[in-house]
Amino acid sequence: MQTISKDHRTTNNDLFSTNIKGMIIAIFGLPGSGKTFFAKQLASRINGIHVSSDAVRNSLKQQTKYNDAAKMEVYQLMLSLLEKGIADRRAVVLDATFYKESIRNLFRKKAQELNTTLYFIEMQADESVIKIRTNEHRQDSEADFGVYLKIKKEFEPLEEDHLVLHTGIEQPESEMLSKALDYINYHDGRAAD
C-alpha cells in the first residue's frame with residue numbers, strides 16, 4: 001500500500017512547506033522492518049540529521065529496556081535533538097517505532113510549535129523477514145523477535161495518509177528512496193513546490 005497526499009501531511013496551519021531545511025521526516029514501523037537502514041540512506045541523501053531511537057537508547061544506557069518509562073525517556077530526548085536540528089535549519093530524519101498515537105502526537109505538537117512540516121513514512125516487512133533480521137546481530141538495535149512481538153501487539157496503526165514502503169525483495173532500495181523523495185517533494189537538492 002502506498003498513500004501519498006500533500007493535504008494530509010502534518011503542518012502548522014495546514015501549509016505545505018517547500019523548504020527542505022527544517023523539515024521533519026519520521027520513519028516508523030515495527031522492529032526489524034528496515035527503519036534504521038532506510039533512515040540513514042534518506043538522511044544522507046537530503047543532507048539531514050539522523051536521530052535514531054536505538055542510538056538515543058544506547059546513549060542513555062537503556063539497552064534492553066522497553067518499558068513505557070524507558071521508551072518515553074528516549075522519545076523525550078529525541079524531541080530535544082529534533083528541536084536542536086530544526087533550530088540549526090536542518091532536515092531531521094527520525095527513526096523509531098512511533099508505535100502509539102500518543103507518541104506521534106508529541107511529535108506533531110513539536111512540529112507545530114516549530115512551524116515546520118512533519119512527514120510520516122512507515123516501513124513494513126513480512127514477518128518471516130523480520131524474524132530473520134531480529135534473530136541476527138544488528139549493529140543499531142538489540143530488539144529481538146520477542147520485542148517485535150510485544151511491540152506488534154501494542155502497535156496502533158497510523159490512520160492519516162502517509163507513505164508506506166515494504167522492505168525486502170518487493171521493492172529495490174533505490175525505488176523506495178525515490179518514492180520517499182517524491183513524497184517529501186524533494187528534487188535536485190531542495191524541496192520543490
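The values are calculated or read from the model by the stated rules, or taken from the named source; none is laboratory data. Here the structure is a predicted model, which is why all the values come from computation and not from measurement. Positions of Cβ are generated from backbone atoms using ideal geometry, with glycine treated the same way; all protein chains shown enter the neighbour counts.
Within the stretch 172-181, how many residues turn out to be closer than 19 Å to Pro31 by Cα and at pLDDT below 90?
Here the count works out to 1.
Does His166 fit the bill of being under 19 Å from Phe38 (Cβ atoms), more than 13 Å from the chain's Cα centre (by Cα) and not hydrophobic (A, V, I, L, M, F, W, C)? Write out each step before concluding.
Working: under 19 Å from Phe38 (Cβ atoms): yes; more than 13 Å from the chain's Cα centre (by Cα): yes; not hydrophobic (A, V, I, L, M, F, W, C): yes.
Answer is yes for this residue.
Taking the stretch 84-107, which residues are basic (Lys, Arg) and assigned to a loop (DSSP other than H, G, I, E, B)?
Arg89, Arg90, Lys100 - these are the residues of the stretch 84-107 that are basic (Lys, Arg) and assigned to a loop (DSSP other than H, G, I, E, B).
How many of the residues in the stretch 25-75 are polar (S, T, N, Q), crowded, with 16+ Cβ neighbours inside 10 Å and modelled with pLDDT of 90 or more?
Adding up the residues that qualify gives 5.
Test Met78 against the stated conditions and say whether it is in contact with a helix residue (DSSP H, G or I) (Cβ under 9 Å, 6 or more places away or on another chain) and buried (at least 17 other Cβ atoms within 10 Å of the Cβ).
Numbers: in contact with a helix residue (DSSP H, G or I) (Cβ under 9 Å, 6 or more places away or on another chain): yes; buried (at least 17 other Cβ atoms within 10 Å of the Cβ): yes.
Yes; evaluated as a whole, the condition is true for this residue.
Among (1) surrounded by 13 or more Cβ atoms within 10 Å (Cβ to Cβ); (2) farther than 20 Å from Leu79 by Cα; (3) at pLDDT 90 or above, which single condition is Lys109 missing?
Every condition holds for Lys109 apart from (2).
In the stretch 132-174, which residues are of a type in the set (Lys, Arg), within 21 Å of Ser52 (Cα to Cα) and either surrounded by fewer than 17 Cβ atoms within 10 Å (Cβ to Cβ) or touching a helix residue (DSSP H, G or I) at 6+ places or on another chain (Cβ under 8 Å) (or both)?
Those that are of a type in the set (Lys, Arg), within 21 Å of Ser52 (Cα to Cα) and either surrounded by fewer than 17 Cβ atoms within 10 Å (Cβ to Cβ) or touching a helix residue (DSSP H, G or I) at 6+ places or on another chain (Cβ under 8 Å) (or both): Arg138, Lys150, Lys152.
How many of the residues in the stretch 111-157 are in a helix (DSSP H, G or I), within 22 Å of Leu177 (Cα to Cα) and among the β-branched types (Val, Ile, Thr)?
2
Every residue in the stretch 182-193 that is modelled with pLDDT of 95 or more and surrounded by fewer than 16 Cβ atoms within 10 Å (Cβ to Cβ), please.
To start, the set of residues in the stretch 182-193 that are modelled with pLDDT of 95 or more comprises 182-184.
Answer for the stretch 182-193, where residues must be modelled with pLDDT of 95 or more and surrounded by fewer than 16 Cβ atoms within 10 Å (Cβ to Cβ): just Asp182.
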